Amino acid sequence: MKPISSDVKIETKALHAGYTPENGGPRVLPIVQSTTYAFDSSEHIAALFDMPMEYMYSRFANPTCDAVEKKIAAMEGGSGAMLTSSGQAASLLSVLNLANTGDSIIAASAIYGGTINLFGFTLKKLGIECIWVSNDATEEEIQSLVKPNTRLIFGETLANPALTVFDIEKFAKVAHANQIPLIVDNTFATPVLCRPFEFGADIVVHSTTKYMDGHALQVGGVIVDGGTFDWKASGKFPEFTEPDESYHGVVYADAFGPMAYIIKARMQLMRDFGCYPSAHSAFLLNLGLETLPVRMKQYCANALKVAKFLQTQDKVLSVHYPALENDPGHELAAKYLPLGTSGVISFNIKGGRHTAERFINALELATNEVHVADIRTCVLHPASSTHRQLTDEQLVAAGIDGGMIRFSVGLENVDDILADLKQALDKA
Ligand SMILES: *Cc1c(COP(=O)(O)O)cnc(C)c1O
């Protein structure tokens, strides 16, 4: 078979990009369950230690993972991608590939709670300072936070769980005016609903654990390189433009051009940290990706109906779903997420924390679980779970209230989801 053209639409890429069967070869992406690869000569292996451009060891590259990486890169419109063993690992490596001890980064405050911990506490221990900025900040306000040691700006397309829509173009403009890249966590939107590279992002990360996998089967992450950031012109990234002593002096920007970022991440960080997924995990992720475009459209259709229903309920104080016309995020959603804003809705129930807990306990179809973006409807109370480590101040900054419920609409028949909500609201 011939590889598919890069001009095909995302539904076609989801099925065909990354793996092309050879004549008589397996139709479905094979699981290459091997830690290592065999070579004819020690010279060949020696050459790989200078320039590991073939499979060598499954701590940092594997044929099954590679095919899935190529598929995700194609779906996002990037130059290359690297899978990681979790979304957290993707966020961490995406930053460590650019920032060292003594550097600072800027992050939008409406992002995933785990990323807030990672940036605010763990990166701090490594000597990397995170400067938080409100999603509503003006370009001037963002600019005022940029220091000579600032290495990147980070935001999340559709924040988990606040659902704040990130103004990608605004932040990209400030980043590029300062010759630094913009990293966007595109987990909730997925490349089906938004492709951040089209709006100026330079690097995209995902927790593939969410919609990409979709079936709650395995934790995973991915980093995608947009391939357009000019490391040489920037002048701020000597690790890209000067020889890497750990690879016999390779200069990533010269040797790899538009793939410099992702190859450096693999050759240095994945080699040293080893947070690479197994071939079997990548195989399962691939199954999720194949149906991602179909599923995303149905999640959006179901969730819009649920959001509209919740708006009509007396016991519901407010509903936050940016696809709703009266939502404060609607204008940005119309620009960045015209097909819909995923299956995740957040709403505040009257009576605060205790009523919220009673309501959740009364749900029968929706599962109470620490997960989101599942094929099955699920529900969570962020203030007492995912975000319980945050101070009240951080909770407000992340857009979370004690009565807030995160409701992840699945692919059941929407009438059954509405009936479940109705009976639980009656009991709350
Ligand atoms: C879940 C999540 C992460 C972390 O991903 P894991 O796969 O759980 O490590 C990062 N960002 C967002 C937006 C998430 O929803």
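None of the figures in this text is laboratory data; all of them are computed from the coordinates on show. All values derive from a computational prediction rather than experimental measurement. Neighbour counts run over all protein chains shown; Cβ positions are idealised from the backbone, glycine included.
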Would you kindly derive the ³J(HN,Hα) couplings of segment 286-300 from the backbone phi angles with the Karplus curve 6.51 cos²θ - 1.76 cosθ + 1.60 (θ = phi - 60°), listing them in order in whole Hz, with x for Gly and Pro?
4, 4, x, 4, 4, 9, 3, x, 5, 5, 4, 5, 6, 4, 5
For L48, L363, what ranking results if the residue with the fewest other Cβ atoms within 10 Å of its Cβ goes first?
L48, L363
Cross-link reach from K71 to lysines, straight Cα distance under 22 Å and at least 8 residues apart if same chain, gives K2, K9, K13, K210, K264, K297
Please turn the phi angles of segment 109-116 into ³J(HN,Hα) values with the Karplus equation 6.51 cos²θ - 1.76 cosθ + 1.60 (θ = phi - 60°), one per residue in order, whole Hz, x for glycine and proline.
6, 8, 9, 4, x, x, 6, 5
Once phi is turned into θ = phi - 60°, what whole-Hz ³J(HN,Hα) does the Karplus curve with 6.51, -1.76 and 1.60 give for every residue of segment 66-81, x standing for Gly and Pro?
4, 5, 5, 4, 5, 5, 5, 4, 5, 5, 7, x, x, 8, x, 8
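What number comes out for the charge environment of N97, summing +1 per Lys or Arg and -1 per Asp or Glu over other residues with Cβ under 13 Å away?
Details: positive: R151, K264, R266, R271; negative: D103, D202, D225, E239, D244, D272.
Neighbour charge sum, excluding N97 itself: -2.
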For helix 168-177, what angle does its Cα long axis make with the longest principal axis of the chain, in degrees from 0 to 90 and rounded to 10?
40 degrees
Give the Kirkwood hydrodynamic radius (Å, one decimal) of segment 42-139, defined as one over the mean of 1/r across all pairs of different Cα atoms.
16.1 Å
Taking Cα atoms of segment 237-282, Rg/Rh with Kirkwood Rh, to two decimals?
1.06
antiparallel share of DSSP beta bridges within the chain, to nearest 5, in %, is 60 percent
Total charge of the residues flanking Q313 in space, meaning their Cβ is under 12 Å from its Cβ, with Lys and Arg +1 and Asp and Glu -1, is +2
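Test of understanding: ordering L269, L380, L126 by Cβ neighbours within 10 Å, fewest first, what list do you get? Working shown, then result.
On the way: L269 21, L380 24, L126 13.
Fewest to most other Cβ atoms nearby, the residues stand as L126, L269, L380.
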For K125, the aspartates and glutamates lying under 15 Å Cα to Cα, once residues fewer than eight places off in the same chain are dropped, come out as D103
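Full-extension gain between D230 and A38, please, as 0.36 nm times their residue separation minus the C-alpha to C-alpha distance. Could the numbers behind the result be given before it?
Values: separation 192, 0.36 × 192 = 69.12 nm, distance 3.66 nm.
Extra length available between D230 and A38 comes to 65.5 nm.
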Determine the dipole magnitude for the chain: charges of +1 sit on the beta-carbon of Lys and Arg, -1 on that of Asp and Glu, nothing else is charged, the reference point is the Cα centre, and the result goes in debye to the nearest 20.
740 debye
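Quantify how much of the Cα-Cα distance distribution of segment 292-427 extends past 24 Å, in percent.
Numbers: 2305 of 9180 pairs.
I get 25 percent for the Cα pairs in segment 292-427 exceeding 24 Å.
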Which order results if S408, S384, S41 are arranged by neighbouring Cβ count within 10 Å, fewest first?
S41, S384, S408
Largest-first principal axis extents of the Cα set of the chain (Å):
73, 57, 35
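Could you give the dipole magnitude of segment 292-427 about its Cα centre, charging the beta-carbon of Lys and Arg +1 and that of Asp and Glu -1, in debye to the nearest 20?
Numbers: 14 positive and 16 negative charges, 17 e Å.
The calculation lands at about 80 debye.
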0 to 90° range, to nearest 10: angle between helix 87-96 axis and the chain longest Cα axis
50 degrees
Helix 352-362 against the longest principal axis of the chain: what's the angle in degrees, Cα atoms only, rounded to the nearest 10?
90 degrees
Alpha carbon centre of segment 290-357 versus segment 1-78: separation in Å?
37 Å
Sum of -39500 (n - 2.57) over DSSP H runs of 4+, divided by residues of the chain (222 nm, nearest 500)
-10500 deg cm²/dmol
Taking K and R as +1 and D and E as -1, what net charge do the other residues with C-beta under 15 Å from the C-beta of T228 add up to?
-3
Selected from D185, D225, D103 as most flexible by GNM, with the chain as the system and alpha-carbon contacts under 10 Å
D103
